[in-house]
1. All but one of (1) among the hydrophobic types (A, V, I, L, M, F, W, C); (2) away from the ligand (no atom under 16 Å from the Cβ); (3) buried (at least 24 other Cβ atoms within 10 Å of the Cβ); (4) in contact (Cβ under 8 Å) with a residue 40 or more places away in the chain hold for A:Val213; state the number of the condition that does not hold.
2. Assess whether A:Asp209 counts as being among the acidic types (Asp, Glu), assigned to a helix (DSSP H, G or I) and closer than 27 Å to A:Thr249 by Cβ.
3. Given the criterion out of contact with any Cys (no Cβ under 6 Å at 6 or more places or on another chain), among the hydroxyl-bearing types (Ser, Thr, Tyr) and more than 10 Å from chain A (Cβ to nearest Cβ), identify the matching residue among B:Ser64, B:Ser46.
4. Testing A:Asn385 on (1) among the polar types (S, T, N, Q); (2) more than 13 Å from the ligand (Cβ to nearest atom); (3) within 14 Å of chain B (Cβ to nearest Cβ), one condition comes back false. Which one is that?
5. Taking the conditions exactly as written (surrounded by 17 or more Cβ atoms within 10 Å (Cβ to Cβ), farther than 28 Å from B:Val26 by Cβ, more than 14 Å from chain B (Cβ to nearest Cβ) and hydrophobic (A, V, I, L, M, F, W, C)), does A:Ala308 satisfy them or not?
6. Which pairs turn up if I take residues in the range A:221-243 that are farther than 13 Å from A:Phe168 by Cα and away from the ligand (no atom under 16 Å from the Cβ) and look for partners that are assigned to a loop (DSSP other than H, G, I, E, B) and polar (S, T, N, Q) with beta carbon separation below 8 Å, at least 6 apart in sequence or on another chain?
7. Which fully enclosed strands (runs of 3 or more DSSP E) of the range B:88-163 have 2 or more residues being within 14 Å of chain A (Cβ to nearest Cβ)?
Amino acid sequence: MNIVEKILARASGKPKVSPDDVIFANVDKVMIHDVSGPGVIKVFERLQSQGISVDKLWDPTKVWVAEDHFVPSAEKISAENIVKLSNFTKKYGIEKHFKYGMGQYGICHTLSHEEALVMPGDVYVGGDSHTNTTGALGAFACGLGHTDVAYVLLNGKIWFKVPETYYFKINGKLPDHVMAKDLILKIIGDIGTDGGAYRTMQFGGSGVDEMSVQSRLTLCNMTTEAGAKNGIVEPDQKVVDYLSRRGATNVNLVKGDDDAEYAKVFEYEISEMEPMVAKPFSPDNISVVREAPSVELDKSYIGSCTGAKYEDLVAVAKILKGRKVKIRTEILPAAISIYQRAMENGLLKIFLDAGATIGPPTCGACCGAHMGVLAKDEICISTTNRNFPGRMGHIESQTYLASPLVAAASAVTGKITDPRDLK
Amino acid sequence: MKGNIIKYAQDNIDTDVIIPGQYLKVHDYAELATHAMEGLDPDFHSKVKEGDFILSGKNFGCGSSREHAPIALSHSGIKAILALSFARIFYRNAVDGAYLLPIEIDKDAYDGISEGDEIDILLSTNEIKNITKNQTYKMKPFSEIIGNIIAAGGLFKYKPDQD
Ligand code: SF4
């Protein structure tokens, strides 16, 4: 069995599972946030009106709550949603509630690894499509809707069809000016936005072994944009160290068998890769940066679960150091712990000296919610993961998806720029 | 199950256009319905009728996991989506929440059915009858668990031990 089959077999109490088997898997961790949480609460209300008991959760210690999409509260409704979340966690005894404005908080998928909330081998589900991100720690991490999350909260399990796995064997080492973001854009460009549909996308090979855990998180984050059920990397010592530094103990490594089977294997040689960009209006509409259209940008957005981890901010600082931005540049560290590290290591000063503005950890404009949404006809380069029409604001605005290096280089020139071409 | 078709002849209709991000904070189902399809077809709300079906291409419902999407469509009156394929979370949400039926069709049905056609979905034989054009097409049968959840009326009414 491969790693996903092993995790799902363990979680469903079966000696072996194969692709297309339907199983009920016991869940190890569940996440809700300020959009899916109120959605789940609404499902609870509906269940109650049908006489189904919602008095107790199956295990409140396995649940954690993030406030990320509409915080700091954008207006009245989002403020009320935050109150609803607080009432919910109080009522059900959920202690892991990361409230904005109180120490550590941030984007849900960032907290999952920054706070070592998910372990290798876990079945982890969240009320958000980018739950896939956390597969980089070697967990089966998968997004679900409100009804499914409500079911998990009450029953501790959920059905899955065991996915077949596409294995992406990555050889070589990324050049300095290329990031995991460029690689995943290239892969999505090759297989399309439904190229991984219903499947696992697993990443391995010497290129992934070389990569930091944070780079692997970027790869797994955007498996969602290829339609995948989940993304995963077999955990190694780097994952153990990463989680241990964040307080985890007894991190167990689960791996696939030597004779594991994959539905398909794709090979990539990355040593000569070029920086990439996804043009409007789809993450698979890619081009190498040097062949991208020469448009006048209005804004560079450096934020989100995809592109505002600590390592992403380091890449941005490398470019912005001693330079000035030419367009509106918003930098939103993805969690308070990252914000703090960026402050301690002088990154925030570099950003401010360059003329960029720094925002709080929030999804904000990534999903067109608040904190800098785009106006009609505005064009943005962004370290986020989606560029559908209207995703970051007005339906006639445009977003180019790029790596933190490219987004920073473009901030400096006002045009889509390969970091190698900066003077 | 009979109804009329609203056709969007395109692939990758994502949940950001089915219900734009600014409404994610809204959890009032009736209000969500008034914004359904707003990112693609601002006239949708005025033209949709109770019992209508949507017909579309590949990868319907891709993108964000927001359950607001099937909710907004179902509370607009949509009873089923016929598409060449679906994105997985939209599909699960539609079935587990018992909001609407996600029906996978083939190219014949996609090309053959036009805007406004009246069709009849025959779940017992996995066929789609086009009453307006007097044609019949195949639909992909639901897998066993999906069929059982639909028959039960959603995930919470389904008893897994019966399988
Ligand atoms: S940062 Fe963007 S992609 Fe990530 S969870 Fe928030 S809205 Fe979703």
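1. (3)
2. On the way: among the acidic types (Asp, Glu): yes; assigned to a helix (DSSP H, G or I): yes; closer than 27 Å to A:Thr249 by Cβ: yes.
Judged against the criteria, A:Asp209 is a match.
3. On the way: B:Ser64 fails: more than 10 Å from chain A (Cβ to nearest Cβ).
Step by step, each of B:Ser64, B:Ser46 is checked, and only B:Ser46 is out of contact with any Cys (no Cβ under 6 Å at 6 or more places or on another chain), among the hydroxyl-bearing types (Ser, Thr, Tyr) and more than 10 Å from chain A (Cβ to nearest Cβ).
4. (2)
5. Working: surrounded by 17 or more Cβ atoms within 10 Å (Cβ to Cβ): yes; farther than 28 Å from B:Val26 by Cβ: no; more than 14 Å from chain B (Cβ to nearest Cβ): yes; hydrophobic (A, V, I, L, M, F, W, C): yes.
No: the conditions fail for A:Ala308.
6. Close Cβ pairs satisfying both conditions: A:Lys238/A:Ser212.
7. On the way: elements: B:101-104, B:118-122, B:127-130, B:135-138.
By residue number, B:101-104.
For (1) touching a residue at least 60 places away in the same chain (Cβ under 8 Å); (2) under 14 Å from the mean Cα position of the chain (by Cα); (3) within 13 Å of another protein chain (Cβ to nearest Cβ), each residue gets a yes or a no:
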{"site": "B:Ile5", "(1), (2), (3)": "yes, yes, no"}
{"site": "B:Gln10", "(1), (2), (3)": "no, no, yes"}
{"site": "B:Gln22", "(1), (2), (3)": "no, no, yes"}
{"site": "B:Thr34", "(1), (2), (3)": "no, no, no"}
{"site": "B:Gly57", "(1), (2), (3)": "no, yes, yes"}
{"site": "B:His75", "(1), (2), (3)": "no, yes, yes"}
{"site": "B:Ile81", "(1), (2), (3)": "no, yes, no"}
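Coordinate-derived values only; no laboratory data. Quick caveat: nothing in here was measured; it's all calculated off a predicted structure. A quick note on method: Cβ atoms are made from the backbone with ideal geometry, for glycine too, and the neighbour counts reach across all protein chains shown.
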